[in-house]
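Student: One structure, pasted below without further comment.
The values are calculated or read from the model by the stated rules, or taken from the named source; none is laboratory data. Just so it is clear, the structure is predicted and the values come from calculations on it, not from any experiment. Positions of Cβ are backbone-derived with ideal geometry, glycine not excepted, and every protein chain shown enters the neighbour counts. We work out accessible area using only protein heavy atoms, side chains counted, and drop any ligands, DNA or RNA first. Shrake-Rupley method; radii C 1.70, N 1.55, O 1.52, S 1.80 Å.
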Amino acid sequence: VDSTLLRFLSSQKNSGPVLLEDDRPPAPVNGGGSTISITTPINGDSRGSSSSSSSVVDLPTFASENLIDQAELEQTFASTTAPIPDDNSNSNTLEQPQQQQPQENEVIENQTWLSQYNAQRVTLKLLSLGVENDTAAKAGRIVQNYALARVTRRRIRKFLQERDAAWESGSGTVPLVDRSGIKESISALAAGKFDIDGVILVMTEYGLTGADVAAIFSHTPSIAMMQARSTVEDSVIGTDGDDAAAAAAVVRTSVSLEQTLERAFVNLLGERLKLRRYDARKVLRTCPGLLTSKGSKSADQVVSLMVSLGTSTNSLARDKSTLITLLSRPPALIFRLVAFLSSAQLKLPLNSIGPILRQKQSAEMLNAVAPLKRTISLGEDAANNNNNGQTMVDSTNNMTSFNVEEGVREYLRVDNTLRQQKIDESYRSMEAVADVLRRSAGIRDFRKILSSYPDAFFLNVTNIHHVASYLREDVGMTKDDVAKAIQNFPSLLKQDVSRIKDVVEYLRSIEVDEEDLPSIFRSFPATLMLDIEKDMVPVVDFIRGIGVRNIGRFITRLPPVLGYSVEKDLQPKWDFLTEVCQFDYFEVARFPAYFSYPLDRVIKLRYEYLRDCKGIPIQLARVDDVLRFGDREFATEIALDDDDGVAFAKFVEGRDFSFHSSRKNRRKPRRRH
């Protein structure tokens, strides 16, 4: 990007005059705007030339926080600059006003359409629909800023085209864009297609409220400049020649808001996903991009792709937050991910990919390989700072402040290149992780890992290799054991190998048999993720405190006990056992799994049934006999019921009802009057 373009961009951002190469500040035309003097080389020599020509043009600037009425805005848009003098002349004087009258008429004809996007006018329109003052004012400012930024972008493109054409022709003169802004880029007939009143009317006709319209304008202000209705047949009547052809081309390539509402709001959200009207409106408020031509088509393609991958429309519609981001993702990138998951590297069945992609856990993976596109708009910060420029925002964040450098980067599409590079890097990372899991851990089925912890494919490959190697070589686990442990608990892959070594050494220090370690970690791999000081040490101290001498044997028979809370699990269960059992220590040492049963739902319930309903002395009942059976076997074998467990089932049902009622009352205490 050369310095001339950067100065041109800066002049569009700042309201003050910007002078280039000219020490004499020219007088502004018609009393307003930024005066820009751009010096261009003669004969197309862009560097090192002493001979140059200077051109002066007055460009309008707009302060977004100044709410002006429609007449004033039209008058501002109608004001023009003088024609640029010939380069061979030594003066920069402007031609007489009477010679500008034809040009002024053309400018008025092409620019009055922009006045409908005045912030005050949009605000008043939204207020009439019942929108709150602050919300309506914010939406109005964003729409106005977007309209002005759109004009600015057209000016930049026109400036670059004419500058390049002048340099190539060697004329030595760079024609500057005039105050009409987009006069040469759009015909009067095409300009007539901009109708914000029609846009608002169409949205209300489809059942959207004023708050919905304000939210849509604030998030995606480009919708305010869409064509409201389709009028292809009548659009080119009465036009001849090039104007008719240009107008017809504009109409053919544009999709009306009415069409996108019908496609996205009615057909996709309402009929296909069967969302309630309120939920469909909520989706549009959060993701207004569905109302654009490309967004509505992409969303329909995404739903079709997910259904073909084994996901039902009901499951898609069930989680509204996941649905919103999923519909906003590019379908081509999702298809690339599907192709990768079903390739020879992972071999996932197609009907299992859809359920994996729609779950919340897959959001980070989708963000890496199918990221939401960055959008260009003008946010509230830009409006408050009086910046008439582009604001680059991430689709998951709010609008950020404008700066010229970011605007230039977006204009030159550099961001798309960086985005593609990150996607390619993500796929390389996934390929490397899949390869090391297959070679070092012996994993062949990746469905469990992708279902429970898809982020594992973006972890450090070296650490994954070290974890798998340590478990095989030092702990003594086979490849199948390592594969089963990782599939059951994929989060193990993110644990640093040094911490895994510390856990293994601690278990050895409390006399857990070396031969039992592989089976413990194969069945309970979460043990390797425990913190020694916070989790393990308090449990071991408690077990010693109740009289258990062989700690290693106790842990081997119940490895999950190391992750139990002493205050919430172990101590309350031990206190209850000392009340209902004479030989509490003996029973615990013989049946350590006692601590794994729920206290209220199983332990207390069965002991109370034996004591209160059957009259059996519970002090002499063996703990393992009371707990290790299912409900039916407990009722017939231990309680000696002859009704096939019907009485005990009714007892359980009554206790469950009273248990839930008591918890509900504790959560919602009665108000005091």
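Student: List every residue pair whose Cβ atoms sit under 9 Å apart, with the two residues 6 or more apart in sequence or on different chains, where the first one lies in the stretch 534-551 and is over 12 Å from Tyr564 (Cβ atoms) and basic (Lys, Arg) and the second, anywhere, is open to solvent by less than 70 Å² (accessible area, probe 1.4 Å) and at pLDDT below 95.
Tutor: Arg544/Ile551; Arg549/Ala589
Student: Taking the stretch 120-143 as the search range and keeping residues that are touching a residue at least 12 places away in the same chain (Cβ under 8 Å), in a helix (DSSP H, G or I) and not aliphatic (A, V, I, L, M), which one is least open to solvent (accessible area, probe 1.4 Å)?
Tutor: Ranking the qualifying residues of the stretch 120-143, first place goes to Gly140.
Student: Among all residue pairs at least 6 apart or on different chains, which show Cβ distances below 7 Å where the first residue, located in the stretch 483-505, is on the phi < 0 side of the Ramachandran plot and the second is among the basic types (Lys, Arg) and in a helix (DSSP H, G or I)?
Tutor: That search, which allows pairs on different chains as well, returns Lys484/Arg522; Ala485/Arg522; Gln487/Lys448.
Student: With the checklist (1) within 20 Å of Gly476 (Cα to Cα); (2) part of a helix (DSSP H, G or I) in hand, flag the one item Gln571 doesn't pass.
Tutor: Going through the list (1) within 20 Å of Gly476 (Cα to Cα); (2) part of a helix (DSSP H, G or I), Gln571 breaks only (1).
Student: Right, next: Name the residue that is most open to solvent (accessible area, probe 1.4 Å), counting only residues in the stretch 407-427 that are at pLDDT below 85 and among the basic types (Lys, Arg).
Tutor: Arg413
Student: Moving on. Find all pairs meeting these conditions: Cβ atoms under 9 angstrom apart; at least six residues apart or on different chains; first residue within the stretch 314-334 and without any contact (Cβ under 8 Å) to a residue 24 or more places away in the chain and within 13 Å of Lys294 (Cβ to Cβ); second residue open to solvent by 30 Å² or more (accessible area, probe 1.4 Å) and assigned to a helix (DSSP H, G or I).
Tutor: Note: pairs meeting the criteria are Ala332/Gln301.
Student: Could you grab me the full set of residues in the stretch 498-525 that are surrounded by fewer than 17 Cβ atoms within 10 Å (Cβ to Cβ), in a helix (DSSP H, G or I) and touching a Ser or Thr at 6+ places or on another chain (Cβ under 9 Å)?
Tutor: Asp516, Ser519
Student: Of everything in the stretch 568-592 that's at pLDDT 90 or above and out of contact with any helix residue (DSSP H, G or I) (no Cβ under 9 Å at 6 or more places or on another chain), which residue is nearest to Ala526 (Cα to Cα)?
Tutor: The extreme case among them is Lys568.
Student: Would you check if there is a residue in the stretch 444-463 being farther than 26 Å from Val369 by Cα, part of a helix (DSSP H, G or I) and open to solvent by 50 Å² or more (accessible area, probe 1.4 Å)?
Tutor: no
Student: Still on this model: May I ask you to list the residues in the stretch 478-497 that are open to solvent by 10 Å² or more (accessible area, probe 1.4 Å), over 34 Å from the mean Cα position of the chain (by Cα) and closer than 18 Å to Ile449 by Cβ?
Tutor: Lys479, Asp480, Asp481
Student: Of all residues in the stretch 277-306 being among the hydroxyl-bearing types (Ser, Thr, Tyr) and open to solvent by 10 Å² or more (accessible area, probe 1.4 Å), which is farthest from Gly207 (Cα to Cα)?
Tutor: Looking at residues that are among the hydroxyl-bearing types (Ser, Thr, Tyr) and open to solvent by 10 Å² or more (accessible area, probe 1.4 Å), I get Ser304.
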